[in-house]
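J.: Questions regarding the structure given below will be posed in turn.
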Amino acid sequence: MAVLHLRHLTHHSLLSTSKLHHHFRFSPLKSPRFSCSASASSTMAKQVLVPIANGTEPMEAVITIDVIRRSGADVTVASVEKELRVDACHGVKIVADALVADCKNTVFDLIALPGGMPGASNFKDCGALENLVKKQAADGRLYAAVCASPAVALGSWGLLKGLKATCYPSFMEQLQSCATAVESRVQQDGKVVTSRGPGTTMEFAVTLVEQLYGKEKADEVSGPLVMRPNHGDEYTITELNPLEWKCNNVPQVLVPIADGSEEMEVVMIIDILRRAKANVVVASVGDNLEILASRKVKLVADMLLDEAAKLTYDLVVLPGGLGGAQAFAKSDKLVNLLKKQAESNKPYGAICASPALVLEPHGLLKGKKATAYPAMCDKLSDQSHIDNRVVVDGNLITSRGPGTSMEFALGIVEKFFGRPKALELAKGLLVVRQ
């Protein structure tokens, strides 16, 4: 299973000068060892705490961390467990920067709780986190939660009394006992922001950026994400030359990763495909299992590509991120695996920078319609379908960026399992209205 290690990141290592760099930038970790004794007033960057627990929903955690780090905020990931490493949902392991217990003297501009069960229950039972969030509320500072956590954690702590709030649909009855429950995708009331689930988390995170830095910064962050224009509407894919994607019972899927891979795209692909019961193998194209992703999320692959390449797959799918795509393009073993997949008329796919930087230069888009990250589309020889969010052309699937990753993964589910299964997942994720 994939393991995610999340590290603290300084304000200066995140800032970039263009939208392209803003989306893709990655650099060696330069921040000093994290200390929980600093106050929010000691630095220009806003201080943000994102707690994690055994059973945390990894998409909600990683999207929140990634999007807020794009704003220049210092995001501290803190474990409520006795160890830094937690076992998140869907086989994802996350290693925090610190323990929540070590953060009690830190002043945070925002505390944002991801959801997932039993993660939200573990938050509720953590006295140190409860004290931190209660102090946050008493001091009039921003706090937030998504999915199960508004009802299970904030509500149980009495921090939603008299306030409008939302949560994951199956927890709405519990929320009604401790808040004015509403069905908004994102709900703000005073210093509290709540949201519903994985499919609303990117909107949730952008709202938090706006609360921290203002609308101009939120727009600057959200633009490169390629978010959905009509949140909640039924997703669509553009399909040409329809071809049945076959597998023997359970789809075998290879997801390569490398330094600089975009962690939101990686996690959304893995999480959603595993929810659909596909067997997902995460393989590092480098010499080490560990890779440092574009927003300093540290991932550990299941195996090296050398080992993974010995197996056969029903689909090979590439996440994006500038550094990751460049590493993929330089990997002869991965390129040969992709070419073998294409020559066998078996499915392969890519998102964000990877269609333009990996598939195009190696002839893997020849005679195919595709899309890519907007700033990379000028590298595609055929740009006739670049404005589509997800394009399927026979055995090829491509997509645009972090904000299209759920639709991309759902498109894969649809091709292997059918649209009813994909829509069932989409509704459960809150990508589309239930």
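J.: In deg cm²/dmol and to the nearest 500, what is the mean residue ellipticity at 222 nm of the chain if only DSSP H runs of at least 4 residues count, each as -39500 (n - 2.57), divided by the residue total? Don't jump to the answer; show the numbers that get you there.
T.: Numbers: 13 runs with 125 residues, N = 434.
Helix-only estimate at 222 nm: -8500 deg cm²/dmol.
J.: Sticking with this one: Can you list the aspartates and glutamates whose alpha carbon is less than 19 Å from that of residue 135, not counting same-chain residues fewer than 8 positions off?
T.: 102, 109, 125, 189
J.: Which residue fluctuates most in the GNM of the chain (Cα springs below 10 Å): 348, 143, 213?
T.: So, out of 348, 143, 213, the one fluctuating most is 213.
J.: Counting other C-beta atoms within 10 Å, and keeping those with at most 16, which DSSP coil trypsin sites (Lys or Arg not before Pro) do you find in region 276-379?
T.: Answer in residue order: 277, 310, 366.
J.: Considering only region 286-434, what is the antiparallel percent among its DSSP beta bridges, to the nearest 5? Could you put the intermediate results ahead of the total?
T.: Details: 7 of 14 bridges.
Roughly 50 percent of the beta bridges in region 286-434 run antiparallel, per DSSP.
J.: Evaluate region 220-340: find the radius of gyration of its Cα atoms, find its Kirkwood radius, and give the ratio Rg to Rh.
T.: My calculation of the ratio gives 0.98.
J.: Continuing with the same structure: What is the sum of charges, Lys and Arg at +1 and Asp and Glu at -1, for the other residues whose Cβ falls under 12 Å from the Cβ of residue 183? Intermediate values should be presented prior to the final figure.
T.: On the way: positive: 164, 185, 196, 433; negative: none.
Result for the neighbourhood of residue 183: +4.
J.: Of all DSSP beta bridges located in region 47-225, what percent are antiparallel, nearest 5?
T.: Of all bridge pairs located within region 47-225, approximately 25 percent are antiparallel.
J.: Starting from the Cα gyration tensor of region 310-409, take the square roots of the eigenvalues, sort them a ≥ b ≥ c, and report rounded, prolate or oblate (rounded when a/c is under 1.5, otherwise prolate if a/b is larger than b/c, else oblate).
T.: rounded
J.: Okay, moving on. Taking R0 as 22 Å, what FRET efficiency do you get between residue 231 and residue 176 from their Cβ-Cβ distance, rounded to the nearest 0.05?
T.: According to the calculation, E is roughly 0.40.
J.: A further question follows. Is the shape of region 47-225 rounded, prolate or oblate, going by the alpha carbon gyration tensor and its root eigenvalues a ≥ b ≥ c, with a/c under 1.5 for rounded and a/b larger than b/c for prolate?
T.: rounded
J.: For the chain, what does the alpha-carbon gyration tensor say about shape, rounded, prolate or oblate, given a ≥ b ≥ c as the root eigenvalues, a/c under 1.5 as rounded, and a/b over b/c as prolate?
T.: Note, shape of the chain comes out prolate.
J.: Another question, if that's okay. Per 0.36 nm of contour for each residue apart, how much would the distance between residue 434 and residue 290 grow if the chain were fully extended, relative to their Cα-Cα spacing?
T.: 48.1 nm
J.: Here is a further query. Once you put a point 7 Å from the Cα of residue 44 and another 7 Å from the Cα of residue 379, both along the Cβ direction, what distance in nm separates them?
T.: Taking the two extended label points, one gets 3.1 nm.
J.: Give, in nm to one decimal, the length gained when the segment between residue 421 and residue 277 is fully stretched (0.36 nm per residue of separation minus the Cα-Cα distance).
T.: Gain in length upon complete extension: 50.7 nm.
J.: Which percent of the accessible heavy-atom area of the chain goes to carbon and sulfur, probe 1.4 angstrom?
T.: Answer for the chain is 47 percent, counting heavy atoms of protein chains only.
J.: Taking the Cα centre as origin and putting +1 on Lys and Arg beta-carbons and -1 on Asp and Glu beta-carbons, what dipole magnitude results for region 238-429, to the nearest 20 debye?
T.: 320
J.: Let me ask something else. What fraction, in whole percent, of alpha-carbon pairs in region 295-366 exceed 22 Å separation?
T.: 17
J.: Keeping every protein chain present and rolling a 1.4 Å probe, give me the accessible area per residue for the chain in Å².
T.: Averaged over the residues of the chain, the accessible area is 37 Å².
J.: Using the Cα centre of the chain as the reference point, and only Cβ charges (+1 on K/R, -1 on D/E), how large is the resulting charge dipole? Debye, rounded to the nearest 20.
T.: 220
J.: Another one. Per residue of region 195-204, what does 6.51 cos²θ - 1.76 cosθ + 1.60 with θ = phi - 60° give for ³J(HN,Hα)? Whole Hz please, x for Gly and Pro, Karplus curve as stated.
T.: Each residue of region 195-204 in turn: 8, 9, x, x, x, 10, 5, 5, 4, 4 Hz.
J.: Next question. How about residue 296: which lysines have a C-alpha closer than 22 Å to its C-alpha, ignoring those fewer than 8 places off in the same chain?
T.: 19, 30, 46, 93, 217, 330
J.: With a sphere of radius 14 Å drawn around the Cβ of residue 281, what net charge do the other residues whose Cβ falls strictly inside it have (Lys, Arg +1; Asp, Glu -1)? Don't skip to the answer; put the middle values down first.
T.: Numbers: positive: 274, 310; negative: 302, 306, 307, 314.
Net local charge, residue 281 excluded: -2.
The values are calculated or read from the model by the stated rules, or taken from the named source; none is laboratory data. Treat the numbers as computed from the prediction; the structure is a model and nothing was measured. Here Cβ is always computed from backbone atoms with ideal geometry, including for glycine, and neighbour counts include all displayed protein chains. Accessible surface is based on the protein model in full, side chains and every heavy atom, while ligands, DNA and RNA are left aside. Shrake-Rupley method; radii C 1.70, N 1.55, O 1.52, S 1.80 Å.
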